[in-house]
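Data block below; observations after.
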Amino acid sequence: MRLSSFFCKQIFRLSGWTVDTNLPPEIKKSIIIAAPHTSNWDFWYAMASFTIYRLRIRFTIKKEWMRFPFGLLMRPLGGIGIDRRPRTAGAERISFVEAMIDLFHQNEELIILITPEGTRSRQEKWKTGFYHVALGAGVPICLGYVDYKNKKAGIGKVIYPTDFATDMRTIMDFYRNIHPRYPENFALDQEFAR
């Protein structure tokens, strides 16, 4: 057992937190949604649960942030630089979604964490690029969460994208029963919340 996984298990045990056990072991590529996102503490609980799962979680940032000296910090934390330069001379820049799909095609194993709310303040419209990346790359969407009322964190459900509206309603239904640290700062995407 790695020391970091052991350490995170002990912290969870001593603080009364548990890790959700719904993660299928065969997941090698996926998008993980991190929600609700209302506090800086969310990151630490989520990362501790992913460490217990022994997942190597990555996140994307602009390629420019991977240059010296920032890259010295970003790479060990899991940062991946996104290159949106045109694929051919004279073409337009590729979209963020296309760049992320390319990343999945170039890697045998890749798990990327995304916060679709985009901020810790209340947002009634989620960014949906994560869905289009997962669909285009043919990877599942893992519903990561931190539930402060039940002191539980991890991945609660896995969705294989097929139909945007139906899947988004399923995602909203899942997060409806998760209790954030600051409930007043969390909202479901109102277009898909029933």
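FYI, it's all coordinate maths here, none of it is from the lab. Keep in mind that what you see is a predicted model, and the values were worked out from it rather than measured. Heads up, the Cβs are rebuilt from the backbone with ideal geometry, glycines too, and the neighbour counts pull from every protein chain shown.
Both radii come from the Cα set of region 151-194: Rg as radius of gyration, Rh as Kirkwood radius; their ratio Rg/Rh reads 0.99. In a reduced charge model with +1 at each Lys and Arg Cβ and -1 at each Asp and Glu Cβ, region 90-194 shows a dipole moment near 640 debye about its Cα centre. Taking Cβ atoms as reference points and 13 Å as the exclusive limit, the residues near THR170 contribute a net charge of 0, counting Lys and Arg as +1 and Asp and Glu as -1. Note on PHE7 and THR21: their simple-model spin labels are 2.6 nm apart, each label 7 Å out from Cα toward Cβ. Here the peptides 27-33, 136-142 are ranked by packing, the mean other Cβ count within 10 Å, and the order with the highest first is 27-33, 136-142. If you plug the beta carbon distance of ARG194 and GLU109 into 1/(1 + (r/R0)^6) with R0 = 25 Å, you get a FRET efficiency near 0.10. Shown here for region 133-185: trypsin sites (Lys or Arg not before Pro) in loop regions (DSSP other than H, G, I, E, B) with at most 10 other Cβ atoms within 10 Å, namely ARG176. Tell me the net charge near ILE31. Cut-off is 14 Å between Cβ atoms, ILE31 excluded, with +1 for each Lys or Arg and -1 for each Asp or Glu. Summing Lys/Arg as +1 and Asp/Glu as -1 gives +3. Partners of LYS125 within straight-line reach, counting aspartates and glutamates whose Cα lies under 14 Å from its Cα and excluding those fewer than 8 residues away in the same chain: GLU117, ASP189, GLU191. Projecting the Cα positions of ILE159, GLY136, TYR148 onto the charge dipole of region 129-172 (unit charges on Cβ atoms of Lys, Arg, Asp and Glu, taken about the Cα centre) puts TYR148 furthest along the positive direction. Summing charges over neighbours of ILE112, with a neighbour being any other residue whose Cβ is under 10 Å away from its Cβ, gives +2 when K and R count +1 and D and E count -1.
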